[in-house]
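See below for the structure under consideration.
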Amino acid sequence: MQTTKAFGAQSATTPLAPLTIERREPGPNDVAIQVLYCGVCHSDLHTVRGEWEGIRFPSVPGHEIVGRISAVGKDVSRFKLGDIVGVGCMVDSCRTCPSCRDGLQQYCEGPHGFQGTYNGWLDGSGENTYGGYSASVVVDEYFVLKIRHGEADLAAAAPLLCAGITTWSPLRHWNTGPGKKVGVVGVGGLGHMGIKLAHALGAHVVAFTTSPSKVEEARKLGADEVVVSRDAGAMAQHARSFDFILNTVAASHDLDAFMALLKRDGAMTLVGIPATPHPSPNVGNLIMGRRSLAGSLIGGIPETQEMLDFCAEHGITADVEMIDMHDIENAYARMLKSDVKYRFVIDMATI
């Protein structure tokens, strides 16, 4: 084992602070990565505050990792020393179940589910895992991703490992592209990536926001139209016209207002889990238009690589604000107030 510097919480009621953690020595199929940048996700905050069941402490969050390979195992074939790589939300899975064989490791049906980059296996078994709020990580090469963005864009590429793939996966699964009218609900950390990606895929993109102040922002991100969702008249103008709606809002809200905007056979996909359930949708909205209400979870390793390559080719990154590691608690407070456009990224040189 080797030790490394990290930032984490000792309990749900203690602030994040410096600590020393152990990382395994790289095995035959492992790569060791010097962490350069780590994005800050709402999941990090939920975890270190113990807001979900089964949180394990000490907790070192961070699953939007970009770094440089500092060591490789003897059987590693896809990477070499000095490569710039990424690590997202998963660092292992059973690799043998139908979902894993299909490259959809996020839906791993094995006995433990997938292994999170932090907080261990989904079923709580085995040892804890520690994330990217640390100087280094050691990961099996199968769950490491190639980053092809230029040096100047590496920090802004970090949130693609979660916010990017969370929006890319449903956009691709529901065949977003030219000739499709696509709605993106919410203009935040996830929503701003959904707008950028749907636009780059060639869809006609309509952004929905409750904030009139975000109308011009959404247009700059790539939205062809922007609707203030509290305006009933503006919403009615889009009735029965969408092929697909990507709903990125994690707060409980009325889903029917958006379901009514779908065409026959249209689908709305949710990618956020609210603290309290959404009001039950009107089943008539589904039946009368053969509409679908669905959900989607991050993305598998092959589609995450596909997304990263697409973003590098099209010059797509997240809109980010860089912070020092020691400013993380202030960043969390601001994130709770939606006071960031649109993702914080930690410069890990400051750890």
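Every residue, every condition in (1) of a type in the set (A, V, I, L, M, F, W, C); (2) touching a Phe, Trp or Tyr at 6+ places or on another chain (Cβ under 7 Å); (3) open to solvent by 10 Å² or more (accessible area, probe 1.4 Å), yes or no:
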site: H42; (1), (2), (3): no, no, yes
site: G50; (1), (2), (3): no, no, yes
site: I65; (1), (2), (3): yes, no, no
site: K80; (1), (2), (3): no, no, yes
site: C94; (1), (2), (3): yes, no, yes
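Scan the stretch 208-215 and tell me whether some residue there is assigned by the TED database to the domain that holds A257, of a type outside the set (S, T, Y) and either closer than 23 Å to L293 by Cα or not in a helix (DSSP H, G or I) (or both).
The answer is yes, given that some residue of the stretch 208-215 is assigned by the TED database to the domain that holds A257, of a type outside the set (S, T, Y) and either closer than 23 Å to L293 by Cα or not in a helix (DSSP H, G or I) (or both).
G86: of a type outside the set (S, T, N, Q), assigned by the TED database to the domain that holds G62 and assigned to a loop (DSSP other than H, G, I, E, B), yes or no?
no
Within the stretch 265-302, track down each residue that is open to solvent by 70 Å² or more (accessible area, probe 1.4 Å) and within 27 Å of L161 (Cα to Cα).
I273, A275, T276, P277, L297, P302
Based on what the data block shows, is R240 surrounded by 14 or more Cβ atoms within 10 Å (Cβ to Cβ), in the same structural domain as H204 (by the TED database) and among the basic types (K, R)?
No: the conditions fail for R240.
Scan the stretch 266-312 for residues that are part of a helix (DSSP H, G or I) and either assigned by the TED database to the domain that holds R148 or polar (S, T, N, Q) (or both) and jot them down.
Passing the criteria: N285, T304, Q305.
Confirm whether G54 is over 20 Å from the mean Cα position of the chain (by Cα), under 19 Å from T13 (Cβ atoms), among the small types (G, A, S) and not in a helix (DSSP H, G or I).
Spelling it out, G54 is indeed over 20 Å from the mean Cα position of the chain (by Cα), under 19 Å from T13 (Cβ atoms), among the small types (G, A, S) and not in a helix (DSSP H, G or I).
Please give the number of the condition V76 fails out of (1) assigned to a loop (DSSP other than H, G, I, E, B); (2) open to solvent by 40 Å² or more (accessible area, probe 1.4 Å).
Unmet for V76, out of (1) assigned to a loop (DSSP other than H, G, I, E, B); (2) open to solvent by 40 Å² or more (accessible area, probe 1.4 Å): (2).
In the stretch 173-196, how many are under 16 Å from G88 (Cβ atoms) and part of a helix (DSSP H, G or I)?
1
Need the failing condition index for H149 against (1) within 20 Å of G62 (Cβ to Cβ); (2) assigned to a helix (DSSP H, G or I), just the number.
Of (1) within 20 Å of G62 (Cβ to Cβ); (2) assigned to a helix (DSSP H, G or I), only one is false for H149: (2).
When only residues in the stretch 89-112 that are among the aliphatic types (A, V, I, L, M) and outside any loop (DSSP other than H, G, I, E, B) count, which is farthest from E141 (Cα to Cα)?
M90
Can you tell me which condition H314 does not meet? The list is (1) under 17 Å from the mean Cα position of the chain (by Cα); (2) on the phi < 0 side of the Ramachandran plot; (3) not polar (S, T, N, Q), and all the others hold.
(1)
Checking G222 against (1) in contact with a helix residue (DSSP H, G or I) (Cβ under 7 Å, 6 or more places away or on another chain); (2) modelled with pLDDT under 95; (3) closer than 30 Å to V40 by Cα, which single condition isn't satisfied?
So G222 meets the others, but not (2).
If I go through the stretch 313-338 residue by residue, how many of them are open to solvent by 70 Å² or more (accessible area, probe 1.4 Å) and in a loop (DSSP other than H, G, I, E, B)?
2
What is the one condition in (1) closer than 11 Å to Y133 by Cβ; (2) in contact with an Asp or Glu (Cβ under 7 Å, 6 or more places away or on another chain) that G8 does not satisfy?
Result: G8 fails condition (2) only.
As an exercise: evaluate A12 against (1) within 27 Å of R343 (Cα to Cα); (2) crowded, with 18+ Cβ neighbours inside 10 Å; (3) of a type outside the set (F, W, Y) and give the number of the one condition it does not meet.
(2)
So the check is Cβ under 7 Å with 6+ separation or different chains; which pairs have a first residue in the stretch 273-292 that's closer than 21 Å to W174 by Cβ and of a type outside the set (V, I, T) and a second one that's open to solvent by 40 Å² or more (accessible area, probe 1.4 Å) and part of a strand (DSSP E or B)?
Within 7 Å, the pairs are P281/L293; L286/L293; G289/R264; R290/R264; R290/D265.
The values are calculated or read from the model by the stated rules, or taken from the named source; none is laboratory data. Small disclaimer: the values here were computed from a predicted structure and weren't measured. Quick reminder, even Gly has a Cβ in these numbers, built from the backbone with ideal geometry, and neighbours come from all protein chains shown. Areas reflect the complete protein model, heavy atoms only, side chains present, ligands, DNA and RNA absent. Shrake-Rupley method; radii C 1.70, N 1.55, O 1.52, S 1.80 Å.
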